[in-house]
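The values are calculated or read from the model by the stated rules, or taken from the named source; none is laboratory data. All of these numbers come straight from a predicted model, not from anything done at the bench. Ideal geometry is used to build each Cβ from the backbone, glycine not excepted, and the neighbour counts take in all protein chains shown.
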Amino acid sequence: MRRFGVTQKLASAVSCALLFTACFCRASDEPAKPAGSVAASSGLYVKVQLSGPVKFSKLKPGDIVEGKLTRDVYSDDHALFMAGSAVRLTVDSMGKRRRIPNDHWPEVIKLFTPRHEKFPVFKAASVTGAGGESPLRVSLISVSRQREVVAQAKKTRPVQGGGTEGSAVQVGPPKGEERTKKQSLPTTMILEAFPVNDWKPDSARTEFRARPAEGPQVLPAGTRCKILLLSDVSASKSNPGDVVQARLLEPVLSDSHVVLPAGSLVEGKVVKKIPPRMLSRAGSLYLTFTGLTLPGGNQFPIAATLAGAELDQRSHTKIDKEGGLHGERPGKAWMAINLGVTAGVGKEADDTFQLIFEAIVSSATDASTAGQARIISGCASAIYLATRHGRDVILPRFTEMNISLDRPLSVSRATD
């Protein structure tokens, strides 16, 4: 009986130790991708706002999902479809894929969150605009509620003696208004689309076309460009020097002439990154954009910094006035979860130590090991709390971003 009791205690101790070790392990959402890998594509970028709430995991093949375009769909100098055009998608099948990582919850929650999720597979869609109904082949990229994050700017305030003094503030609505807007954000679908049967827009279906600029054109410093990220970038997995590629979502106009056509390739790199660190310190990421390639092949050096981005509503990322991305500090919910797990870790460490010690030393009692167990549990709790990492900065593929030119850009397009 004594041997059976010792064996039972050892088994319980091993189980507790395994649970204790699991709490210290950080969840890995997906394997790191090679530096500079880019999933470039010539497909159309389609952003759809749903007409009403949809439970995507409950959809069935044949179901119809309707919405409207939230932005113009461009191909070079053409606006194929205008914002507000009706979109109709048909569910082909239901699939399973890995969840897109986010920085909303601490790592311990991700240990108990399913790594995969059900999602609908769309293959056929139609867009109804001024030129009629146009069929498309589509592929779903993401479904989320997005919010706009903008760079901080200088706010001027009067000073004694005349003039103004600048102070860095966040551009946007007050915190209360921003929170209200977050709660009412609509669901947005990001799709990659291709024409059916090599369909190409003709003059009847082209709803807008600006004239290409003739001769060299100069874009002044501060010109904004809307770009689309073509690869994943994060503070935890990216490295300084990694290539960042994006494509221009909208043409850049000057006097109603197209200077930079949509689809132009924008190239940059990771200048600096600070991964999430212990003591719940968040990560940071600094990008710069240095090159531009037009669809015709003309290349130009540029100097541009990040001015804004469309991120998931749950993302806790802000942009400073220099274009650097920073994770926000842990909130109350984040700290409450970590403190609760810390208390559990301390309790498990206390029980595990007493079980192991009493199983090894036959004369040991609860009273003789209580003091030592408290010390062990206190150290385990302190180590666990100190080793918690802060929020990551995550920019998934197909993230919309705004960049601002730091200096004037002279552009001359090749003529046929």
Being in contact with an Asp or Glu (Cβ under 8 Å, 6 or more places away or on another chain) and not in a strand (DSSP E or B) is the filter here, so list the residues in the stretch 261-285 that pass it.
Pro261, Ala262, Gly263, Pro275, Pro276, Ala282, Gly283
Which of the residues spanning the stretch 299-336 are within 22 Å of Leu409 (Cα to Cα), touching a residue at least 40 places away in the same chain (Cβ under 8 Å) and of a type in the set (S, T, N, Q)?
Thr305
Criterion (within 30 Å of Tyr384 (Cβ to Cβ) and at pLDDT below 85) met by exactly one of Pro114, Pro174:
Pro114
Count - residues of the stretch 221-244 that are more than 15 Å from the chain's Cα centre (by Cα), of a type outside the set (Lys, Arg) and either crowded, with 21+ Cβ neighbours inside 10 Å or over 13 Å from Leu287 (Cα atoms) (or both):
4
Return yes when Lys96 is assigned to a strand (DSSP E or B) and without any contact (Cβ under 8 Å) to a residue 40 or more places away in the chain and no when it is not.
yes
Look through Gly84, Gly62, Gly95 and report the one residue that is out of contact with any Ser or Thr (no Cβ under 8 Å at 6 or more places or on another chain) and on the phi > 0 side of the Ramachandran plot.
Gly84
Subset of the stretch 286-316 that is under 15 Å from the mean Cα position of the chain (by Cα) and outside any strand (DSSP E or B) - its residue that is surrounded by the fewest Cβ atoms within 10 Å (Cβ to Cβ):
Arg314
Checked the stretch 318-342 for anything out of contact with any Gly (no Cβ under 6 Å at 6 or more places or on another chain), surrounded by 16 or more Cβ atoms within 10 Å (Cβ to Cβ) and under 27 Å from Lys272 (Cβ atoms); matches are Lys318, Ile319, Lys321, Gly323, Gly324, Leu325, His326, Pro330, Trp334
